[in-house]
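A quick write-up on the structure given underneath.
The values are calculated or read from the model by the stated rules, or taken from the named source; none is laboratory data. It should be emphasised that the depicted structure is a prediction, and the values quoted were computed from it without experimental measurement. Cβ sites come from the backbone with ideal geometry, for glycine too, and all protein chains shown count toward neighbours. Surface areas here come from the heavy atoms of the whole protein model, side chains and all, with no ligands, DNA or RNA. Shrake-Rupley method; radii C 1.70, N 1.55, O 1.52, S 1.80 Å.
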Amino acid sequence: MATYNKRGNKPKTKEEIEHTIEEGSTTAEVFNTLDQTASKTEAFVEKNQKYIFIVIGLVAAVVLGYLGYNEFIAKPKQVEAMNDMFQAQKYFNEAVNGVEKDSLFNLALNGGEGKFGFLDIIEEYSGTPAANLANYCAGTSYLRLKNYKKAVEHLSNFKSDDDILAPLAKGNIGDAFVQLNQREDALDYYEQAAKLRTNEYTSPMYLYKAGAIALELGKADLALTHFQKIKDEFPNSTEAETIDVFIGKAQVLANK
């Protein structure tokens with residue numbers, strides 16, 4: 001809990017300060033304890049300063065080693081990985097936005113024109129942010145190519161704090177499970193995606209998908225909860241435009 005000092009009536013002299021401290025026995029005990037602790041600490045440092053300096057030196061060496069690794073190994077490796085991934089990313093973007101999608105997604109995965117694909121990036125640059133992003137793109141590519149098990153594998157390996165990509169990865173796993181006819185798993189991932197980050201794009205989209213799957217599974221009350229949340233919390237979303245129809249359907253099924 002935050003504290004603050006009031007202004008005014010501040011003791012000015014040493015005598016006034018000591019008098020103020022001694023007014024409360026509890027306060028005095030606290031100050032005495034602090035003094036004793038400080039003395040013991042000083043004595044310990046004086047007695048063991050050689051060993052303390054050794055420990056500090058070791059910690060400093062570890063920290064400097066970590067910083068050096070990041071600066072001279074990790075960062076250059078990441079830059080190299082992103083450069084090598086450029087062509088794969090280009091294929092992926094063209095596949096998402098253009099025609100001949102299957103061939104472009106395959107090129108994005110496996111590489112072309114002598115350049116790495118996402119699978120190469122994952123293998124060659126394991127542990128880098130580039131490899132992490134490559135897992136998302138590879139998973140999404142496999143999803144579009146209808147290789148749903150591979151899609152789940154790579155999307156599950158993707159980790160992110162991004163407000164859009166993080167829920168999209170979870171939602172894409174849900175889409176893959178729908179195609180694998182694993183409806184319960186799909187519902188779980190749609191619900192995770194909906195609550196992972198709150199925004200006007202992914203939240204209502206995955207609440208809607210969760211509600212739709214819940215209806216298929218005969219969970220009308222759960223579906224109603226998801227649909228009602230869209231109406232109440234995301235009234236300006238695309239999903240909200242027709243949500244009353246789905247709320248009505250869920251209500252009818254819930255009351256049967």
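Can you work out which of the residues in segment 220-240 that are in contact (Cβ under 8 Å) with a residue 12 or more places away in the chain and charged (D, E, K, R) is least open to solvent (accessible area, probe 1.4 Å)?
GLU239
Considering only segment 149-201, state which residues are outside any helix (DSSP H, G or I), open to solvent by 60 Å² or more (accessible area, probe 1.4 Å) and farther than 25 Å from ASN236 by Cβ.
Residues satisfying the conditions are ASN157, LYS159, ASP161, ASN181, GLN182.
Consider TYR136 carefully, then state whether it is closer than 27 Å to SER156 by Cα, modelled with pLDDT of 90 or more and among the hydroxyl-bearing types (Ser, Thr, Tyr).
Working: closer than 27 Å to SER156 by Cα: yes; modelled with pLDDT of 90 or more: yes; among the hydroxyl-bearing types (Ser, Thr, Tyr): yes.
In short, yes.
For the structure I just gave you, tell me whether LYS209 is assigned to a helix (DSSP H, G or I), within 23 Å of LYS101 (Cβ to Cβ) and touching a residue at least 24 places away in the same chain (Cβ under 8 Å).
Working: assigned to a helix (DSSP H, G or I): yes; within 23 Å of LYS101 (Cβ to Cβ): yes; touching a residue at least 24 places away in the same chain (Cβ under 8 Å): yes.
Against the criterion (assigned to a helix (DSSP H, G or I), within 23 Å of LYS101 (Cβ to Cβ) and touching a residue at least 24 places away in the same chain (Cβ under 8 Å)), LYS209 qualifies.
Which of the residues spanning segment 56-105 are modelled with pLDDT under 60, more than 18 Å from GLY127 (Cα to Cα) and open to solvent by 90 Å² or more (accessible area, probe 1.4 Å)?
Those that are modelled with pLDDT under 60, more than 18 Å from GLY127 (Cα to Cα) and open to solvent by 90 Å² or more (accessible area, probe 1.4 Å): ILE56, LEU58, VAL62, LEU64.
Which ones in segment 226-249 are assigned to a helix (DSSP H, G or I) and either more than 14 Å from SER203 (Cβ to Cβ) or among the aromatic types (Phe, Trp, Tyr) (or both)? Outline the logic, then answer.
Step one: list which residues in segment 226-249 are assigned to a helix (DSSP H, G or I), which gives 226-233, 239-249.
Matches in segment 226-249: PHE227, GLU241, THR242, ASP244, VAL245, PHE246, ILE247, GLY248, LYS249.
With the requirement that a residue be within 23 Å of ASP162 (Cα to Cα) and open to solvent by less than 70 Å² (accessible area, probe 1.4 Å), what does segment 118-131 give you?
Pass one, segment 118-131, residues within 23 Å of ASP162 (Cα to Cα): 118-119, 121-122, 125-131.
Listed by number, the residues that qualify are PHE118, LEU119, ILE121, ILE122, TYR125, THR128, ALA130, ALA131.
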